[in-house]
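**Q** One structure, as C-alpha cells, below. Some questions next.
The values are calculated or read from the model by the stated rules, or taken from the named source; none is laboratory data. Here the structure is a predicted model, which means the values were calculated and not measured. Ideal geometry is used to build each Cβ from the backbone, glycine not excepted, and the neighbour counts take in all protein chains shown.
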Amino acid sequence: MIKTRCSTGKSHGKIILMGEHAVVHGEPSIALPFPAVEMTATVCESEGPLTIDCSYYNGIAAEMPEILESMRTAIQSALAELQVSDENLAISLASTIPAERGMGSSAAVSVALTRALFAYFDKPLDQATLLRLVNISEMVAHGNPSGLDAATASGEAPLFYIKGQPFEAFPLNLKAYMIVGDTGVTGQTKEAVASIATKLNGKNPQPYRDAITRLGSFAQTAKSALEANDPQQLGLLMNRAHEVLSFLEVSSPDLDRLISAARSAGALGAKLTGGGRGGCMIALAATRSEAEKVEEAIRQAGAIRTWIYLMGGTEDV
Ligand SMILES: C[C@@](O)(CCO)CC(=O)[O-]
C-alpha cells in the first residue's frame with residue numbers, strides 16, 4: 001500500500017483579558033492562549049486541483065464560498081511565500097474552536113494552515129514570517145487587525161501588547177479561575193471594529209477617544225494586578241472595562257445577561273472578550289468552588305458552552 005505524504009500544523013484559541021478594540025488604536029492589551037480549544041490543519045499529497053475539507057465546505061478550493069475568503073487568502077499567502085503551486089494538495093481542518101465567538105478562530109485557522117503548508121514543503125517558519133503571513137488573511141477577516149489574535153493563537157505565553165511594539169510574554173502567576181461562557185451567538189468583530197472607527201472619525205469623537213484611552217489604562221493596571229497576584233483588583237478592572245465596551249456599543253443583550261448572572265453568582269468581575277456583539281464572555285473567581293457556582297449561573301442564563309481555566313498557581317487555591 002502506498003502511504004500518502006501528509007503534514008500537520010496546529011494552533012489554539014485565545015482569550016483577550018483586557019484591551020480588545022483599544023489595541024487596534026494603539027492602546028495596551030493582554031491576551032492569554034486558550035489551549036482548551038484547538039485547531040489542526042493537515043496537508044496531504046493528492047492529485048489534481050487543491051481541495052479543502054472543513055466544517056463549512058468540502059470540495060475544490062477554487063469554488064470555496066465567500067465566507068471562507070480569509071482561509072483562501074491564508075493558503076494563497078503561504079503558497080506564494082513558498083513559491084509553489086496549489087496543485088496536488090488536499091487540505092483538511094479539524095477544530096474545537098467555536099467559529100466567530102471571540103476566541104480567535106480566524107487567526108487560528110491561518111496559523112494552523114501556514115504551519116502545515118511550511119511543514120509539508122519542509123521549509124522552516126520563523127514567528128515573524130508566520131505573523132506577517134497571517135496578518136494578510138486577518139486583514140480579510142477583520143479589516144484592521146492589531147495582530148494580537150495571531151500572536152496569541154500561535155504562542156504559549158500570555159502576552160502584553162501595544163500595536164507596533166514587540167509582544168511581551170509574561171508568566172501568569174494569578175491564583176484565580178477564569179470562567180468562559182459562549183453566548184452561542186455569532187460575534188461580529190469586523191463590524192464592531194468598523195463601527196468604533198466610525199465613532200472615532202465622526203463629528204463628536206472625544207468621548208470615544210476617552211473610552212479607548214480608559215480601556216488601555218485598565219489593561220496597563222491589569223498587568224500590575226496580575227503581577228501582584230491581586231484577583232480582586234483584576235475583577236474590578238474587568239467590570240469597568242465591560243462598562244466602557246458597552247458604551248462603545250460592542251456588547252449585546254446575550255453577553256450582558258451572562259455577565260450579570262456571573263456577577264450575581266459572586267464573580268470578582270466579568271466582561272465580554274474579543275470582538276463582541278455576540279461571542280464569549282469571561283468572569284473571574286477566586287476558588288474552584290466559586291468558579292463552579294459562576295459556571296452554573298451562566299449556564300442557567302443561557303451559555304451554550306462553558307470552560308473553567310486555572311489562570312496560575314495550583315488547583316488548591
Ligand atoms: C477586537 C480586536 O481587538 C480583537 C478581536 O479578537 C480586534 C484586533 O485586535 O484585531
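**Q** Within the stretch 132-145, is there a residue that is in a loop (DSSP other than H, G, I, E, B), modelled with pLDDT of 95 or more and either away from the ligand (no atom under 16 Å from the Cβ) or out of contact with any Ser or Thr (no Cβ under 6 Å at 6 or more places or on another chain) (or both)?
**A** So far as the stretch 132-145 goes, no, none of its residues is in a loop (DSSP other than H, G, I, E, B), modelled with pLDDT of 95 or more and either away from the ligand (no atom under 16 Å from the Cβ) or out of contact with any Ser or Thr (no Cβ under 6 Å at 6 or more places or on another chain) (or both).
**Q** Quick one: in the stretch 1-27, of everything that is away from the ligand (no atom under 12 Å from the Cβ) and part of a loop (DSSP other than H, G, I, E, B), which residue is farthest from the chain's Cα centre (by Cα)? If you could, list the steps in order and put the result at the bottom.
**A** Start the filter on the stretch 1-27 by keeping residues that are away from the ligand (no atom under 12 Å from the Cβ), which leaves 1-12.
Checking the rest, the ones that are also part of a loop (DSSP other than H, G, I, E, B) come to 1-5.
Working: 1: 41, 2: 39, 3: 36, 4: 33, 5: 31 Å.
Per the stated criteria, the residue is 1.
**Q** Could you identify the single residue in 226, 255 that is buried (at least 23 other Cβ atoms within 10 Å of the Cβ) and out of contact with any helix residue (DSSP H, G or I) (no Cβ under 8 Å at 6 or more places or on another chain)?
**A** 255
**Q** Moving on to the next point. Could you grab me the full set of residues in the stretch 73-98 that are on the phi < 0 side of the Ramachandran plot, without any contact (Cβ under 8 Å) to a residue 24 or more places away in the chain and not hydroxyl-bearing (Ser, Thr, Tyr)? Give the derivation first.
**A** Step one: of the stretch 73-98, the residues on the phi < 0 side of the Ramachandran plot are 73-82, 84-87, 89-98.
Applying the additional criterion that residues be without any contact (Cβ under 8 Å) to a residue 24 or more places away in the chain yields 76, 80, 85.
Listed by number, the residues that qualify are 76, 80.
**Q** Search the stretch 184-225 for residues being within 15 Å of the ligand (Cβ to nearest atom) and assigned to a loop (DSSP other than H, G, I, E, B), and hand back the single one that is nearest to residue 24 (Cα to Cα).
**A** My answer is 188.
**Q** With respect to residue 290, determine if the residue is among the acidic types (Asp, Glu) and within 15 Å of the ligand (Cβ to nearest atom).
**A** Answer is no for this residue.
**Q** Working carefully through the options 167, 160, find the one that is touching a residue at least 60 places away in the same chain (Cβ under 8 Å), closer than 15 Å to residue 146 by Cα and within 21 Å of the chain's Cα centre (by Cα).
**A** Matching residue, one of 167, 160: 160.
**Q** May I pose another question? Using beta carbons and a limit of 7 Å, which pairs, at least six apart or on different chains, have the first residue in the stretch 2-21 and farther than 30 Å from residue 182 by Cβ and the second one surrounded by fewer than 24 Cβ atoms within 10 Å (Cβ to Cβ) and of a type in the set (Asp, Glu)?
**A** Qualifying pairs under 7 Å: 4/45; 5/45.
**Q** Let me confirm something: among 22, 41, 36, which residue is under 27 Å from residue 124 (Cβ atoms) and aliphatic (A, V, I, L, M)? Show your work before the answer.
**A** Working: 22 fails: under 27 Å from residue 124 (Cβ atoms); 36 fails: under 27 Å from residue 124 (Cβ atoms).
Answer to the selection: 41.
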